[in-house]
Amino acid sequence: MSPVDEFLPPGWTVQEGRGIALVIAGPSGAGKSSVIAEVLRRDPNLAFSVSATTRPRRPEEVDGRDYSFVSEEAFDRMIEEGALIEWTTYGGYRYGTPWAEVAGRLAAGQDLLINVEVQGALALRRSALPHPMVLVFMIPPSRDELRRRIRARGTESDEALARRLAIAEEEIRAIPEFDYLVVNDALEEAVARVEAILAAERARIMRCSP
Ligand code: ADP
Ligand code: 5GP
């Protein structure tokens, strides 16, 4: 019960037990991880859904914070045990969203940021999670800048870079299926746009309905 419930129709309540899942997708190199890290740093009430992946860890990544880095066998086991809401193969490695990262926390009213590729975002929306999914598509200001950012990150071979750019061309076709578009030109501004989306979603009247 919230003190402002007296203003609402009978049966309605300001929901504190219904977290928002803000799903951020978009081409590799758009800046999803950078923006998410900054939004998390600025809002202690937000949490991050740590995906499982078979990709090797990058030097600056921390196991359990950025990803759970697992073997192919461990990933197979997670699938068999039904531990993943959705999973995919991307650039030769597998990535998946564990139920354990998402369901309990949303049910407890925790707002979550989720970083997935485009099909994963759409799969989350179709999943059995009884929570609203807000789908954000992040794009870089241009294709040239996208290429520059992946190169600057220095984590991909030329072959992997080409593969990621080809996947990006596929991914941008799904933009119409998303709720919000965020251009990541200047990082600060992209962070502010994501924060504005969260603020708007938290204020939705729909979230008070029975
Ligand atoms: P993604 O998670 O979408 O693959 P990253 O967050 O890893 O993208 O960003 C890719 C590269 O671009 C990194 O080197 C990052 O530091 C850089 N980057 C991210 N956002 C910006 C920005 N707004 N301006 C310039 N460089 C950026
Ligand atoms: P990267 O190797 O650059 O960290 O991630 C490659 C792609 O995998 C990115 O588009 C990222 O959003 C996506 N990804 C990360 N975790 C998951 C996940 O759990 N599920 C899906 N479907 N994609 C993911």
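Could you do me a favour and compute the accessible area per residue for the range 71-144, 1.4 Å probe, result in Å²? Kindly include the intermediate steps, with their values, before the conclusion.
Working: 3340 Å² over 74 residues.
Spelled out: the 1.4 Å probe surface of the range 71-144, per residue, equals 45 Å².
Would you please give the residues with an amide H less than 5 Å from that of Ile85, counting only those at least 5 places away or on a separate chain, with H modeled from the backbone geometry?
Those lying under 5 Å, H to H, from Ile85 are Thr97, Trp99.
Local charge sum around Leu161 (other residues, Cβ-Cβ under 10 Å, Lys/Arg +1, Asp/Glu -1)?
Values: positive: Arg147, Arg151, Arg153, Arg163, Arg164; negative: Glu156, Asp158, Glu159.
Surrounding charge for Leu161 is +2.
Taking amide H atoms as placed 1.01 Å from N in the peptide plane, list the residues 5 or more away in sequence, or in a different chain, whose amide H sits under 5 Å from that of Leu8.
Excluding prolines and chain starts, which carry no amide H, there are no hits.
Applying the Karplus parametrisation 6.51 cos²θ - 1.76 cosθ + 1.60 with θ = phi - 60° to the phi angles of the range 124-141, what ³J(HN,Hα) value in whole Hz is obtained for each residue in order, glycine and proline being reported as x?
3J(HN,Hα) across the range 124-141, in whole Hz: 4, 5, 7, 6, 7, 4, x, 9, x, 9, 9, 9, 10, 9, 9, 10, x, x.
Can you list the equivalent-ellipsoid semi-axes of the range 30-115, largest first and in whole Å, using the square root of 5 times each Cα gyration tensor eigenvalue?
Working: eigenvalues 95, 60, 19 Å².
Computed over the range 30-115, the values are 22, 17, 10 Å.
Starting from the Cα coordinates of the range 65-121, work out the convex hull volume and express it per residue in Å³.
Values: hull volume 5.3 nm³, N = 57.
For the range 65-121, the hull spanned by Cα atoms encloses 92 Å³ per residue.
Across the range 75-83, in residue order, what do the Karplus-derived ³J(HN,Hα) couplings come to in whole Hz, using 6.51 cos²θ - 1.76 cosθ + 1.60 with θ = phi - 60° and x for Gly and Pro?
My calculation for the range 75-83 gives 5, 4, 5, 4, 5, 4, 7, x, 7 Hz in order.
Quote the charge dipole size of the range 1-44 about the Cα centre in Debye, to the nearest 20; the model charges only the Cβ of Lys and Arg (+1) and of Asp and Glu (-1).
Numbers: 4 positive and 5 negative charges, 65 e Å.
Dipole about the Cα centre, nearest 20: 320 debye.
Note down the magnitude of the dipole of the chain about its Cα centre, charges +1 on Lys and Arg C-beta and -1 on Asp and Glu C-beta and zero elsewhere, to the nearest 20 debye. Spell out each step's value before the answer.
Values: 26 positive and 33 negative charges, 42 e Å.
That gives a dipole near 200 debye.
Using alpha carbon coordinates only, what is the Rg to Rh ratio of the chain, with Rh defined as the Kirkwood radius?
Numbers: Rg = 17.8 Å, Rh = 18.1 Å.
For the chain, the value is 0.98.
Rounded, prolate or oblate for the range 54-178? Axes are the square roots of the Cα gyration tensor eigenvalues, ordered a ≥ b ≥ c, and the cut-off for rounded is a/c under 1.5.
Since a/c reaches 1.5 but b/c is at least a/b, the shape of the range 54-178 is classed as oblate.
Let me know the longest stretch in the chain that avoids all GluC sites (Glu not before Pro) found in a DSSP loop with at most 16 other C-beta atoms within 10 Å.
Values: sites that count: Glu16, Glu60, Glu61, Glu81.
Counting at most 16 other Cβ atoms within 10 Å as exposed, the longest clean stretch of the chain is 82-210.
List, in order, the whole-Hz ³J(HN,Hα) value for each residue of the range 195-200 obtained from phi through the Karplus relation with A = 6.51, B = -1.76, C = 1.60 and θ = phi - 60°; use x for Gly and Pro.
5, 5, 5, 4, 4, 5
Stretched out fully, how many nm does the piece from Ala166 to Ala108 gain, at 0.36 nm a residue minus the Cα gap? Before the final figure, lay out each step's value.
Numbers: separation 58, 0.36 × 58 = 20.88 nm, distance 3.90 nm.
Stretched out fully, the Ala166 to Ala108 stretch lengthens by 17.0 nm.
The values are calculated or read from the model by the stated rules, or taken from the named source; none is laboratory data. These numbers were taken from a predicted model, which means no experiment stands behind them. With ideal geometry, Cβ positions are generated from the backbone for all residues, glycine too; neighbour counts draw on all protein chains shown. Just so you know, the surface numbers come from the protein's heavy atoms only, side chains and all, with ligands and any DNA or RNA stripped out. Shrake-Rupley method; radii C 1.70, N 1.55, O 1.52, S 1.80 Å.
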